[in-house]
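Engineer: Here it is, the structure in full.
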Amino acid sequence: MPVASIDTIRAKVGQELGTSDWIEVTQDRINVFADATEDHQFIHIDEALAAQTPFGGTIAHGFLSLSLLSRMAADVMLVPETTKMGVNYGFDKVRFLAPVRAGKRVRGRFTLAAFEEKRPGQYQFAHDVTVEIEGEDKPALIATWIGQVFA
């Protein structure tokens, strides 16, 4: 993750931080996620049956797309220079807007919505995130993601 001073991070509130690199959502990635979560619904893993749905093929789990935020954040989220660790705090909002078809690429667009010091050395961030699907107008999801860092 990119590092910055506390003052620099505070000054970025309300600004777009940037977009992550593209991540390919392969069928193999979807299958591994299905095994990890024990969610083997046919629209995710059975290519023949999924082809008969309005999706026209298999799609990623919404939670798979959401879980990729951690990887996406590594490209653009700013953290204090003295960060010792970071933790997820939760989400204020998550909406799944469009399916991610197997073989598509996604990326995250991050805006720093809020930043505050909760206790000395403990900072809470809120990021508005849009997960874009390459070549499509509608995003996979939008979310307000909250995290904390200890510096």
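The values are calculated or read from the model by the stated rules, or taken from the named source; none is laboratory data. The structure displayed is predicted, hence computed values, not measured ones. Don't worry about glycine lacking a Cβ; one is built from the backbone with ideal geometry, like all the others, and counts go over all protein chains shown.
Engineer: Please work out which one of (1) out of contact with any Ser or Thr (no Cβ under 9 Å at 6 or more places or on another chain); (2) more than 20 Å from Arg10 (Cβ to Cβ); (3) in a strand (DSSP E or B) is the condition Ser70 fails and give its number.
Structural biologist: (3)
Engineer: Can you report the number of residues in the stretch 8-29 which are at negative phi and either modelled with pLDDT under 95 or outside any helix (DSSP H, G or I) (or both)?
Structural biologist: Number satisfying all stated conditions: 13.
Engineer: Write out, first by first residue and then by second, each pair whose Cβ atoms fall under 6 Å of each other, whose residues are 6+ apart or on separate chains, and whose first residue, in the stretch 96-113, is among the polar types (S, T, N, Q) while the second is assigned to a strand (DSSP E or B).
Structural biologist: Thr111/Glu16; Thr111/Asp128
Engineer: Then there's this: Tell me, yes or no, whether the stretch 44-64 has at least one residue that is within 22 Å of Thr8 (Cβ to Cβ), touching a residue at least 24 places away in the same chain (Cβ under 8 Å) and touching a helix residue (DSSP H, G or I) at 6+ places or on another chain (Cβ under 7 Å). Can you show your working first?
Structural biologist: Keep residues of the stretch 44-64 that are within 22 Å of Thr8 (Cβ to Cβ), which gives none.
No: the stretch 44-64 contains no residue that is within 22 Å of Thr8 (Cβ to Cβ), touching a residue at least 24 places away in the same chain (Cβ under 8 Å) and touching a helix residue (DSSP H, G or I) at 6+ places or on another chain (Cβ under 7 Å).
Engineer: A further question on this structure: With (1) in a loop (DSSP other than H, G, I, E, B); (2) surrounded by 12 or more Cβ atoms within 10 Å (Cβ to Cβ); (3) not basic (Lys, Arg) as the list, and Val32 as the residue in question, which single condition is left unmet?
Structural biologist: (1)
Engineer: Among the residues of the stretch 35-61, which ones are surrounded by 19 or more Cβ atoms within 10 Å (Cβ to Cβ) and of a type in the set (Gly, Ala, Ser)?
Structural biologist: Ala50, Ala60 - these are the residues of the stretch 35-61 that are surrounded by 19 or more Cβ atoms within 10 Å (Cβ to Cβ) and of a type in the set (Gly, Ala, Ser).
Condition check ((1) over 20 Å from Thr19 (Cα atoms); (2) modelled with pLDDT of 95 or more; (3) touching a Ser or Thr at 6+ places or on another chain (Cβ under 6 Å); (4) surrounded by fewer than 18 Cβ atoms within 10 Å (Cβ to Cβ)) across all residues:
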{"site": "Val87", "(1), (2), (3), (4)": "yes, yes, no, yes"}
{"site": "Arg95", "(1), (2), (3), (4)": "no, yes, no, yes"}
{"site": "Ala102", "(1), (2), (3), (4)": "yes, yes, yes, no"}
{"site": "Glu116", "(1), (2), (3), (4)": "yes, yes, no, yes"}
{"site": "Gln124", "(1), (2), (3), (4)": "yes, yes, no, yes"}
{"site": "Val129", "(1), (2), (3), (4)": "no, yes, no, no"}
{"site": "Glu132", "(1), (2), (3), (4)": "no, yes, no, no"}
{"site": "Ala143", "(1), (2), (3), (4)": "no, yes, no, no"}
